[in-house]
Structure formats: C-alpha cells, structure tokens
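Here is the structure we will look at.
The values are calculated or read from the model by the stated rules, or taken from the named source; none is laboratory data. As the structure is a computational prediction, the values presented were derived from the model and not from experiment. All Cβ positions, even for glycine, are placed from backbone atoms using ideal geometry, and neighbour counts span all protein chains on display. Keep in mind that these areas ignore ligands, DNA and RNA; they rest on the heavy atoms of the full protein, side chains included. Shrake-Rupley method; radii C 1.70, N 1.55, O 1.52, S 1.80 Å.
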Amino acid sequence: MDIVSAIAVLAGIALVAGLALTLAARTLQRDADDVVERINAELPQTQCAQCGFPGCRPYAEAIAQGDVDINRCPPGGDATIAALARLLDRDIIALDASLPPPAPPGVAIIDEERCIGCARCLPACPVDAIVGAHQFMHTVVEDLCTGCELCIAPCPVDCLEMVATDDNAERAA
Amino acid sequence: MTSAPTENLHRLPGGLRLPGFKAQSATGEIREVPIPGTLILPVRQHAGSAAQPIVAVGDRVMRGQPIARAEGDFSASVHASSSGTVVAIESRAIPAREVSEAVCIIIETDGADTPWDGLAPITNPLAATPDALLEAIGKAGIVGLGGAAFPTLAKLRHAVDAGVDTLILNGVECEPYISCDDALMRNQAVEILFGTRIMLTALGLRQCAIGIESDKPEAWAAFTEAASIEGDDRVQLVAIPTVYPSGGEDQLVYLLTGREVPSGGFPSDVGALVHNVGTAAAVADLALTGTPLISRIVTVTGEGIANPGNYRVRLGIPIADVAACAGGYTEHAKRLIMGGPMTGVALTDDALPVTKACNCLIATGPAVRTSFEPERPCIRCGECARICPVRLQPQQLLRAHRYGAGDTLDGLGLIDCIECGCCDLVCPSHIPLTQSFRDAKLARRIDVYERERAERARERFERRQEREQARADAQAAETERLKQGANPNAIAEILARKRGTPGGDED
Amino acid sequence: MRFEPALSPYLRPETGVGAVMREVSLALLPAAVIYFFFFGFGILFNIALCIAACVGFEALALKLRGLPVATTLSDCSAILTGVLLAFALPTYLPVWVTITACGAAVLLAKHVYGGIGFNPFNPAMLGYAFVLIAFPVAMSSWLPPAIGDLDYVRPSVLERLTYLFTGGWPAGLELDAITRATPLDLVRTAARDQLMLEELRSASPMFGDFGGRGWEWIGNFIALGGGWLLYRGIIRWHIPVAVLAGMLIPATLDSVITGGASGGPGFHLFSGATLLGAFFIATDPVSAATSPRGRLIYGFGIGFIAWVIRKWGGYPDGIAFAVLLMNAAVPLIDHFTAPRILGRER
C-alpha cells in the first residue's frame, strides 16, 4: 500500500511539474526578434552568403528558427561557432565540412589598369563598398569592404582580387 | 621658492618600495659620448605619428638642422644631432615597444659638428607670448623626456585648451636603476628653474610644484642653491616618498593635488600639467641658445656595464657606441633593457640608436630575472590588488582575460591599468600579469574594432536590403498600375480608330 | 651584439606559493610542540599521517589528471592541508577516519574543482566536516590533557596505537573511560541544564583560566604563529580580526545579557578552533574573499556563524561549518566589495 501511494505521489509531482514547465515554456518564450538580433550580433557581418543564405541576418533568422546548424559561417570560424554555442547553449561543433575553410581576413581591390567600367560588380556588393558608374573606373572603399568575395565572380575581366589585410592589431591601434 | 611639508601629500593606494640599484650610476657626473661616424635618426622617436623627412640622400646637414617635420598635431620634428651628409633614408629597426620599424635618416658625420645657422634663441623668453613659446617648442621637436616621449607641443596645447592651473615638474624618477633626472637636477637645477619660469609665464600659471623623490638629497640641495639665482614665488619644492610608481604622471598629480585623473583622461582634465624636469631643461636650452632637442641624458648601468654612469648622448648614436663609451659590456650582459626594469623594453640588438624616449640603458645584472619561473595557478592571495596603484583587482582581470570574459574587462578597469609591473613582483604564483594585461588590451582593441566594422557592415547591408525591397515594391506597383490602367479593348479600339480614319484605307 | 628577448617587468618576484605554504605550516610548529606536551604523541602521529595522506592523494589526483606531479606538489599546499587537518581532527582517531578526511579534503574539495586556486571551499574544513558527519562518535572523542591532578585512565602507547589502527580496545576498558567531554561540550550541556558557567567551572577540573586546560596554551601558541604570519605579511589583519570580532562581540553581549550563564569572550576565544580558524583556516586565500572590505565581511560572518552554531547549533564547535558557509558566499562578497578604481566614479 505504501508503495502505491508513493508512486501516486511521485506521479502527481511529475505531472504538476511537467505542466508547469510546459506552461512556462509557452508563456515565457523569448521574443523571436530578440533572439535573431542576438544571433546576428555574433555573426561577422561579412554578408558573404557562403552559409547559403543571402546575408548574415537571414542566416541568423534561420538559426533562430532552428532550420540550420550554427557551423555554417566560414568567415567567423571557430570563434563565431563558440560564441553562438554559448549564446544558444549548444555544443561547440566543427565548421561544416562542405564549406570552404576560413580564409585570412582580406579586402577586394580593383586593378584599375584592367577595369573596363562595366559596373557589374556594383550590385554584387552587399554593403555598397564599391563606388563607380558605367564607363568610369571603379574602386573599392577598403574600410567598408567585408571581404565577402561576392564581387569577384561577376567581373568579366578578372580585375578584382583579394588581398590579405594588414594585421587588424595595427589597424585597431 | 618654498618647500612644501610632506604631510600635505595625498596617499597613493598601493605601490612598492623597490631596491634602488641607483648608487652605481648616480655619481652626479654627466659624461659626454663622442660623436660616432654614423647617426641613425628615426622619424618616429615619440608617441604619435611619424615625422616626414625633409632632406634627401646626399644633402649636407648641420647640427640642429631640422631633417623631418612633424606630421599632424600629434607628432614631433627631428633634427640632425651633428653635422654631416645624409647617406640613406630607409626603414630600419627602432627601439620601441609597439612598433618595430620606422623610416630612419642615416647621417655620415664629418666630425666638425658645425651648428646650423638657423638656430633661433627665444628673444626675451620670460615675456614670451604663449603662441611664440608653443611655436618655438614645436619647431624644436621637444618631447617628454621621462620615457614616454609624448610630444610637448600637443601636451601644452591640450593644457591651454583645458585651462590648467598647476604645473607639476616630475623629478621623482621612481624606477630602480635610472638616475638621469637625478644627474640633471644636480647639475642643471638653474636651467630647470629657468625653463619652468618660461612655461609658467607663457601659460599664465600661478603655481608650480617640483616633485623630487626623498632619496635624492643632492638634487634637493641643488635646487635650494639654484633658488638664489632663479628663485620664484610660484615654485614649490615637494619631497615625494620613495615608493614606486609615485613618478607616474597620474600618480604624481594625485599625490600632490589629490585630484584623480579620470579614466582614459589626461592630467589636464583635472587642471594639472606634468612635465619631466628634463623637458624644462630642454625648454631653457632652446630659449637661451636656440638648440632643438638633439641630445639627452641617458643612464647606462647594470651589472653588464663596466663603468655605469650618466651620459649626455646625442640622439641617433647607436647603443653599442654608448656602451663602449661606458667601458663596454661585462660577462653579465645577457639582456639589454631600454627604460627601467619595471616598464622598459628589452632590446635584442645594440645596433639600434638612442632616441628621445631612451632615458636608461640597463645591461642586466643578477637582480633582474633571467628567465620566467614556472607559473602556478592564482591562489587569490590579493596581494596584487593590495599594491595596485590604481586599485584594480589584477586577479579578477586575469581570470576574465584567461577564461574568455572579454566584455567584463572594461568594467574591471583594464584600460585603467598603467602597466607599472607592481603586481608581477608580489605574485607568489609568478604569473606574468602585466604582460597578460598588455595582451588583453590589444585583444580588446581588436575586438572592439572588429565589432565596429561588423556593425557598420550590418547597417549598410540592411539599408541596401531596404532600398532593394523598396525598388522591387515600386516596380511591382508600377506593373500593377499599368495592368490596372490598361483597357483590355485598347488594341481593338486603336484598330477601329485606324479603320475609321479617312484615307486610312488608301494606305 | 645580440641580447635575449624578455618582457617587463624584469625584477624577480621574491615570494612563491611553495614558500608561503611552507611558512604557514611552520608557523604551527610551536603550537604542535605544546600540543605534544599536553596531549602526547597523537598530534605528531596525526601530522605525519595527514601530510602523508594528503600528499599521496594529491599525487594520485595529479597523476590521474595528467598534470606534472613533482612541480605541482612543490607548491606544498597538500602539506599545509595535512597540517591543518591534523590540528582540526581529534588526536585520538582511527587512521581510516583520518585518511578519509584527507581524501575528502584533497580529492573532493580541491581536485574535483580543478586543483589549487580553483577550490571554492577550504579543503581542510571540507575534509573535517565530511568525517564529522560520517563518524560522529569517533570525531567527538577527545583525550583530556596530561596534567597531574586530572584523574583519568591513561592508555599506554601500545593501547593507543592499537586503537588508532584497529579501533579495538583491550578488554575491561571502554572508550568513555579515557576520553572526556571538552569544555565546549560541557558548556552546551550546562546551558541545557540551566547551569551557570561559574558553577560549571568549579565543578569540572577540565576548565583553565579561560577555556580548556591545556587547550588554552595551544591557543596561545597558535596565536603566536598567526602573529608571525602577520608580521611577515603572509596573511593580512582583516580576516583574523573580523573572525574574532564576529565571535567575541556577540559572545560578550550574550554573556552580559545572560549574566554569565553562557560562555564569555575569553571562553570562546580559547575554546575549540577559534584561534586556529581565525589565523590559519579562514585566511586560506583561495577560498576567502579578496578585497579588504570583503575580507572583513567574510571574517565577521565566520566568527558570527561559528558562535551561533556553538550556542544553538547541533555541534559543539562551528568553525568548520561557518568557514564552509562563508566560502559559498565569497563570489557574492567579491562582487559587491570591489574597490573603486582610481579615476572612476564607481
């Protein structure tokens, strides 16, 4: 008899606690936008689309939805994965093997001898860091360039190339 | 001139009584280092941006002739320290912590040491206007001679703008081994007082304190004697207790005035202007003879030096020549430190030149650690916090730095760390705390910089998205409007109209 | 000429963890001699056994964790833990209890959290509390001091050793016959029976001038060792002063209010582990608060809680539990007592 009552009491506690937790999870759910913002804040904002989303924010939204893993950001590398893992309380995992390995930080530069002023690279830049117009030479505003490499492919004369930036240490100093 | 009672001093938190090691060099004598065959003059001997060379290879230059002009507001000119020919202008290694290379102007000396004819003493210096004085100081390339080499012009300008009320002359020289300011004060107290009076008059200040560490009685006596020649009611001598780091700029301001220099600020933010005694002497020299900053006093000492002492060294003389003049190295010379044993920079090569920042050269002796002992975990003894002169808690900073809580470092006062090195000396676990904080500061700067960049990229990306969305919306609306506005019978109507036109059939 | 690279500052630190731990251990040496004088060889046996067990457990833990054994052992922290445990435990204790205490101190309190520097709780006190709960009877068996006029059955060395290693006792003798209630026990009992302290004092030959006979002399020498550590700058005054204040202020008030029915400040100061706790245990830097103000709060908390436990709690002495409780509060204390940085508002 004792055993029965014990089981009954425990089951009752489990039931009540389960209900309370479910209720809490429903009502206390964090504002979805807030989560997206916080995830986005950890992403490097390179806007390179290597994750398969058209920019950092869309990727952040997808992570918040739970559609995609946190290991799809090559520019952020291990540091970003670690930061996201901490933020979302997940395990730290390796960068997705199908993605290119993290490259050293760099910026695009335009070889002004070769540029023909076709303006095809302008719309490719996610942060409007290339200035220029049809029939005028283009140039990359180095300070704004995120190094996403999206401008490389559209160029018909291959006049864009990536150069490694100086040590950020010196730039930050 | 009066001397202030020491009990009026404010009490600095923390600090250490360090062994002095000063006796070997502090003889009061200042010897001259002969002019070598080659002078190496970096265009960046100061804190701030590099000066621009204004001479070309092959040019003949005279002693005191400007060879590089200050670039921007935070810079200092460089002058030839002896006469000769410019043989190269090239990037070379320089003795400094942050940057390892800079453009150097190499001069092959002619031995004649001919002065430049453009040297201009300040006329009637004790009545000079602030503008005239600032201009002359700027042209002379004078920087703080205490080791930080902060451009004096920038400091004075900031002081004028901020409206300071107190001039403080720093004769504390609290780091072990160094005695160059002591030697200067013993020998040139008159000049220091003269330079002080020039600055006081030009800036319209009514009070000045000369802080002298209590272990320098000879310097104190020299000032008392000099007061009969260059005495001034506005100037007060103050004995500073021999506690490291009383000679730090912010620390000295606090000791003398009780004012706390705000986090990230300058002494001028609390109405104080601090100059090294050497800087005042350089101003006096400029006023009297028109000589720009082309030499400084350097303490050459340590177990690794045969004849330790103080030397007047022209800027650009290779350290090896200075060491040779001091009797050369002994078998103890394993390490070469520029500056003091607490904050100095270890140099790996003595071919580097003496610069404006070089107040002391130490070839290491036995009191200087020869290797880092194995580090143990922090046992939270709190001694580092007890002796920290800015009341930081190094043990907490270390934990935040090592265990990746970078964002809490700001709240713990990382940027307030003056890197004095006291915490290293009391740490029973032998943790290189100061170096950790230097690393942490750099990491933090990079982190903040990268976050700013990312933030800007995010904003630009989002604005671009909005713009493209707006464009797409507008296009869709236009298509819709055309669709809506279009009459399905339009073509038929046009055809009908055509048919109905007279003469249309004739076509 | 080329020179070695290096990073400032270049002056050598004069202290070291090993030197500090050794000096703290040695500061208990005079007290150990007096302890031996009054209570026989038990303390020396305990010190040797505790040091051996603590160092052994430490070596084992380091080996299992893949850390360098010899260099880490040279920090001497295991030796100090052993010495402190030897002073905290009864000298008349079966070896397995002693070894269990050492194991709990080194493995459970220290290495589970990452070794020296990372332990939130004082290892010696955790080890002590562990065996106090696990072996309550053995842990409350204290020998009376060997003073001429005290009338009790003195076991021979062989009998004592037999007990230490087997827990067995020769026929005809009982443990109760040779151990005595300590003054702290007596005061607790007296309080229950509404006895005045003075009556108790005159009734029991166990009382000395302030605390227990013999014990108060050990206390004196522990304080002497503490004074040496203060003089040498190895411990700072905040914690010892605060611990004593936290205990003696309420004890004084209590003694005045009850008109002498409870233990006064002198009694509390020289009884139990008050002085050992104030100078040697609460001052363990790893598990203590770090700022001066924090240390005052931390120490006062220990003294006060220990007094509360002595007066109303279920144990005769409360230093160990008080230390452990305040250890748990250290992160909070540290958070709220960080000093104001020079040049900042707060």
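Would you work out what percent of the accessible area of chain B, with all protein chains in place, is carbon or sulfur (probe 1.4 Å)?
With neighbouring chains kept in place, the figure for chain B is 52 percent.
Under unit Cβ charges (Lys, Arg +1; Asp, Glu -1), what dipole magnitude, rounded to 20 debye, does the range A:80-173 have relative to its Cα centre?
For this selection, approximately 300 debye.
Share of the range A:64-103's accessible area from carbon and sulfur, percent, 1.4 Å?
47
Mind computing the radius of gyration and Dmax over the alpha-carbon atoms of the range B:360-474? Å is fine for both.
21.5, 79
Can you give the local net charge around B:ALA492? Use residues other than it whose beta-carbon is closer than 14 angstrom to its beta-carbon, Lys and Arg +1, Asp and Glu -1.
Neighbourhood net charge equals +2.
A drop of at least 20 square angstrom in accessible area, chain alone versus all protein chains together, probe 1.4 Å. Which residues of the range C:312-346 meet that?
C:ASP334, C:PRO339, C:ARG340, C:ILE341, C:LEU342, C:GLY343, C:ARG344
Quick one: Debye curve from the alpha-carbon atoms of the protein assembly as shown only, equal weights, vacuum; give me log10 I(q)/I(0) at q = 0.04, 0.06, 0.09 Å⁻¹ to two decimals.
At q = 0.04, 0.06, 0.09 Å⁻¹ the computed log10 ratios are -0.33, -0.67, -1.14.
Kindly work out what percent of the DSSP beta bridges joining two residues of the protein assembly as shown are antiparallel, to the nearest 5.
Given both bridge residues lie in the protein assembly as shown, the antiparallel proportion sits at roughly 65 percent.
All other residues with a Cβ under 11 Å from the Cβ of C:HIS238 taken together, and with Lys, Arg as +1 and Asp, Glu as -1, what is their net charge?
+4
Once you've got the GNM for chain A with C-alpha springs shorter than 10 Å, pick whichever of A:LEU88, A:LEU23, A:LEU160 has the biggest mean-square fluctuation.
Among A:LEU88, A:LEU23, A:LEU160, the largest mean-square fluctuation in the Gaussian network model of chain A belongs to A:LEU23.
Taking the full set of protein chains and a 1.4 angstrom probe, give the accessible area of B:MET342 in square angstrom, rounded to the nearest 10.
Accessible surface of B:MET342 is approximately 0 Å².
Can you give the average number of partner chain beta-carbon atoms within 10 Å of each beta-carbon in peptide B:424-431, as a whole number?
For peptide B:424-431, the averaged partner shielding equals 6.
Which value, in debye to the nearest 20, gives the size of the charge dipole of the protein assembly as shown about its Cα centre, when Lys and Arg are +1 and Asp and Glu are -1 at the Cβ?
2040
Given the rule -39500 (n - 2.57) for each run of at least 4 DSSP H residues, summed and divided by the residues of chain C, what is its mean residue ellipticity at 222 nm, to the nearest 500 deg cm²/dmol?
Rounded to the nearest 500, the figure is -17500 deg cm²/dmol.
Averaged over peptide B:337-343, how many Cβ atoms belonging to another chain are found within 10 Å of each residue's Cβ?
3
If you filter the range A:56-114 for GluC sites (Glu not before Pro), then keep DSSP loop positions with at most 15 other Cβ within 10 Å, what is left?
Here the GluC sites (Glu not before Pro) that fit, given the DSSP loop and packing criteria, are A:GLU112, A:GLU113.
Could you report the protein assembly as shown's accessible area per residue, 1.4 Å probe, as an integer in Å²?
45
Taking a probe of 1.4 Å and counting only protein heavy atoms, give the total accessible area buried between chains B and C in Å², rounded to the nearest 100.
Chains B and C together bury roughly 4700 Å² of accessible area.
Sort B:476-484, B:16-24 by the packing proxy (mean of other Cβ within 10 Å over each peptide's residues), most packed first.
B:16-24, B:476-484
In the range B:19-124, with Lys and Arg counted as +1 and Asp and Glu as -1 at Cβ, which of these residues, B:SER49, B:PRO66, B:SER82, has the Cα nearest the positive end of the dipole, that is, farthest along it?
Among B:SER49, B:PRO66, B:SER82, the one farthest towards the positive end of the dipole of the range B:19-124 is B:SER49.
Run lengths n ≥ 4 of DSSP H only: what is the helix-derived mean residue ellipticity at 222 nm for chain B, with -39500 (n - 2.57) per run over all residues, to the nearest 500?
One gets -11000 deg cm²/dmol as the mean residue ellipticity at 222 nm.
So what's the net charge close to B:TYR254: Lys and Arg +1, Asp and Glu -1, counting the other residues with Cβ under 15 Å from its Cβ?
Charge balance in the 15 Å sphere: 0.
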